[in-house]
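As structure tokens, the structure follows; a few thoughts come after it.
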């Protein structure tokens, strides 16, 4: 952790000539008077992306984003100002701006937090320089030609490679600086196949808080390509999906987006403090069948959704959301934890210095059960097996959520039969998990592709689950 | 006047970027930058919740070494950053492939006339006044009905920005614009069921914003109307998209005729030029030079002059939406659509929403859609929906936890009517759209 702090200071403070004592001076001004808390968030991100299309490296881009955000908290109020220039004069000006929020604030300072203890969950190697630019483009070209050789029906291959290195420095009231160095890489392969005039797409990607070698290990990149092609070819055979309420078996891994949408958002502290979530005030109640235990775990090594320390300087943890079907607790940032009289859970995240932190998920997944996946399928007379999904969305107040299947099959007499076209599944968050009647023993986390949007802010997240059987869920096909 | 000076300063930076690119050996380059300032306040339950002061800036540069292209961007506008950003772009270009279609647009197509589109109307509002306005808006909503019992709050946002774009063909232009909005979201509860809805107004000039009373009332009314919603049994029936969500349907059409989707063959409307894509009473046209409108612009993202366009006439597709790159890939000419359409309108019929409900007789009025269940390659469409069940032209009860599904190609062919209740709050202006039949899945 000291090493992380050292690296973050090197990246952010050294080039700007800012001393730690300067930051303390700004913090003193920020915290003075009738405010509860405040922080300064420094960020310096370097990102690059490469796109291969039609067999050529069509474009690449490099981007630098840096700045500092100054925040003050007073009661339920938040003031935020920021600057793209990391300079003391800018920080002081921002401080002056945000202090206006505290004009009617209470004088109720919380106890000084001690410096959090955390260890790095990922390497601080810069992914952008983990392999040379020449190696990156050679890798993409090779992957393209290997992908095209997989099937003669492939019409189009698009591959994108993205890498980010982010340095974070957080100044909190009463504690010394907290630093983090966050790598993030992502590779995506999408293909279009054509047969007899019918065209279908398939896509697969993955990523981690690691460097580009992650995609070379175990030939992971090529496994994405194989998966993308497999999905596209399956879709060539798909018939219209059924419409209506039926038994649905969800595959392991990425279909865990169910948990993210159906319950995850509804268990974020801000909505519950405000009483706007369908889960508000329901801690201790049954919200799932006794087979279900769901956690949000920011501490998984190298995972896309993990953070050594959250964006408010709180160490991440594994928070039990639902245990044996009973709602246990919410995910919190500092503001909402304070207002609800509980401890922060390391879920305070922000897209960048220009945004206010909010309670956000990290890696949300369901613990494995005891059923064999084959046994689950065999138990279904007629239903849908949904193996892969696109995105989802939830209305946290009504509890209604959707997630869209991109690869699904009919189950007939206990057997997987025909593939069906993509369809949206819709349900009600507070009761969908009460209909879980079987939980597989095959817990799998997603491949590292999740991005969650909330109030306009995007953050990387992870999901996971074992194979699940839901006794009734509405499937939005066209075959009424 | 301050804006004038800022424009000159930013134009100088663009010239510096282009000069630097040339110095580093680029045969061509283009560069853009933006500076934005804004105030955003959110109140909840009668008190201020957040005040955000926004000031962000960014520059982007693309360089060409012959047919090889590289890009870079940065949030730092300093001289040192200009040099580093150009270096980063050049370094990437070295590794990009020779792409025979890459390059700046045809110089003859660049915009040369720069009239004022009336997009800049700064709102001199203090944080305190913005808070008061938001509180008044939220109060209106909270007092609207006894079932309104909680709030997500009301917001007032005001942004002003400057955009400058230039390229090594000699194009250099910048302009200032503003954008202001008021929004409100409240919750209602009846028999233990909670619902939430919202409303907003947005305009270039704050004088054109709806009153806070109207926004608050509409937010509360929409919430109350949803209370008691139930699911439907699965069925096929007509579907009426209300104006505020109909623009999304048109957006899917525009995506399918845009150059990027076409040359990647990821469109369900390949080879559809000069074919019937809508019923013959449908016209889609674009008015990029409307004064003070949200989507107005004199030129596209690469400096090509925009012009009034008839995209669909009598249901027949006249043109794709192309940038220089996608046009070259398809062996065509740019249509000035790098960055998309500008004030796209769908021809309205003579009926308002009430008359369209009568026209539909029995079916589903959809007022909210959830999820992204649209397959751009096949046009297959399946999304979560909420709205109202309608019989004999009269709303019966609110519905939710249903999906609506079909295929876009087919849905477009079977539009029965477009309302005159046009929603002007976006770049796509549409009235409510009635579709002959879709599949509903429910309980």
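The values are calculated or read from the model by the stated rules, or taken from the named source; none is laboratory data. Everything quoted here is computed from the prediction, not taken from an experiment. As a convention, Cβ positions derive from the backbone with ideal geometry for all residues, glycine included, and neighbour counts pool all protein chains shown.
Things worth noting here:
- Residue in the range B:412-428 that is out of contact with any strand residue (DSSP E or B) (no Cβ under 7 Å at 6 or more places or on another chain), away from every other protein chain (no Cβ under 14 Å), closer than 28 Å to residue B:347 by Cβ and surrounded by 21 or more Cβ atoms within 10 Å (Cβ to Cβ) present: yes
- In summary, strands (runs of 3 or more DSSP E) completely within the range A:313-406 and bearing 1 or more residues that are modelled with pLDDT under 95 occur at A:382-394.
- Scan the range B:82-101 for residues that are surrounded by fewer than 17 Cβ atoms within 10 Å (Cβ to Cβ), part of a loop (DSSP other than H, G, I, E, B) and touching a strand residue (DSSP E or B) at 6+ places or on another chain (Cβ under 8 Å) and the total you get is 1.
- Exactly one residue out of B:355, B:372 is at the interface with chain A (Cβ under 8 Å from one of its Cβ atoms) and either under 23 Å from the mean Cα position of the chain (by Cα) or surrounded by fewer than 19 Cβ atoms within 10 Å (Cβ to Cβ) (or both): that is B:372.
- When we screen A:397, A:424, A:451 for residues that are surrounded by fewer than 24 Cβ atoms within 10 Å (Cβ to Cβ), within 14 Å of chain B (Cβ to nearest Cβ) and within 24 Å of the chain's Cα centre (by Cα), the only hit is A:451.
- Filter pass, residue A:53 being facing chain B (nearest Cβ under 8 Å) and at negative phi: yes
- Residue in the range B:103-115 that is within 14 Å of chain A (Cβ to nearest Cβ) and either modelled with pLDDT of 95 or more or outside any strand (DSSP E or B) (or both) present: yes
- Within the range A:14-60, the set of residues being assigned to a helix (DSSP H, G or I) and farther than 30 Å from residue A:336 by Cβ comprises A:14, A:15, A:16, A:21, A:22.
- Residue in the range B:284-296 that is over 18 Å from the mean Cα position of the chain (by Cα), part of a loop (DSSP other than H, G, I, E, B) and either at positive phi or surrounded by fewer than 20 Cβ atoms within 10 Å (Cβ to Cβ) (or both) present: no
- Checked against the criterion of being modelled with pLDDT of 95 or more, in a helix (DSSP H, G or I), crowded, with 17+ Cβ neighbours inside 10 Å and over 18 Å from the mean Cα position of the chain (by Cα), the candidates B:254, B:249, B:262, B:269 yield just one match: B:262.
- Criterion violated by residue A:122 - all others in (1) in contact with a strand residue (DSSP E or B) (Cβ under 9 Å, 6 or more places away or on another chain); (2) at pLDDT below 85; (3) part of a loop (DSSP other than H, G, I, E, B) satisfied: (2)
- In the range B:268-297, the residues that are without any contact (Cβ under 8 Å) to a residue 40 or more places away in the chain form Cβ pairs under 8 Å with partners that are in a loop (DSSP other than H, G, I, E, B), at six or more places apart or across chains, as follows: B:280/B:314; B:280/B:315.
- Residues in the range B:123-146 that are in contact with a helix residue (DSSP H, G or I) (Cβ under 7 Å, 6 or more places away or on another chain), within 14 Å of chain A (Cβ to nearest Cβ) and surrounded by fewer than 23 Cβ atoms within 10 Å (Cβ to Cβ): B:127 alone.
- For the range B:59-81, filtering for residues that are touching a strand residue (DSSP E or B) at 6+ places or on another chain (Cβ under 8 Å) and either facing chain A (nearest Cβ under 7 Å) or modelled with pLDDT of 95 or more (or both) leaves 14.
- Looking only at residues of the range A:381-394 that are more than 13 Å from every other protein chain (Cβ to nearest Cβ) and buried (at least 24 other Cβ atoms within 10 Å of the Cβ), we find that the one that is nearest to residue A:235 (Cα to Cα) is A:385.
- Extreme residue, nearest to residue B:253 (Cα to Cα), among residues of the range B:375-397 that are more than 25 Å from the chain's Cα centre (by Cα) and either within 14 Å of chain A (Cβ to nearest Cβ) or in a loop (DSSP other than H, G, I, E, B) (or both): B:393
- Taking the range B:34-52 as the range and being over 13 Å from residue B:151 (Cβ atoms) and more than 7 Å from every other protein chain (Cβ to nearest Cβ) as the test, the residues that pass are B:34, B:35, B:36, B:37, B:38, B:39, B:40, B:41.
- Of the residues in the range A:317-329, none is within 16 Å of the chain's Cα centre (by Cα) and in contact (Cβ under 8 Å) with a residue 40 or more places away in the chain.
- Residue B:228 farther than 19 Å from residue B:326 by Cβ, more than 10 Å from chain A (Cβ to nearest Cβ) and out of contact with any helix residue (DSSP H, G or I) (no Cβ under 7 Å at 6 or more places or on another chain): yes
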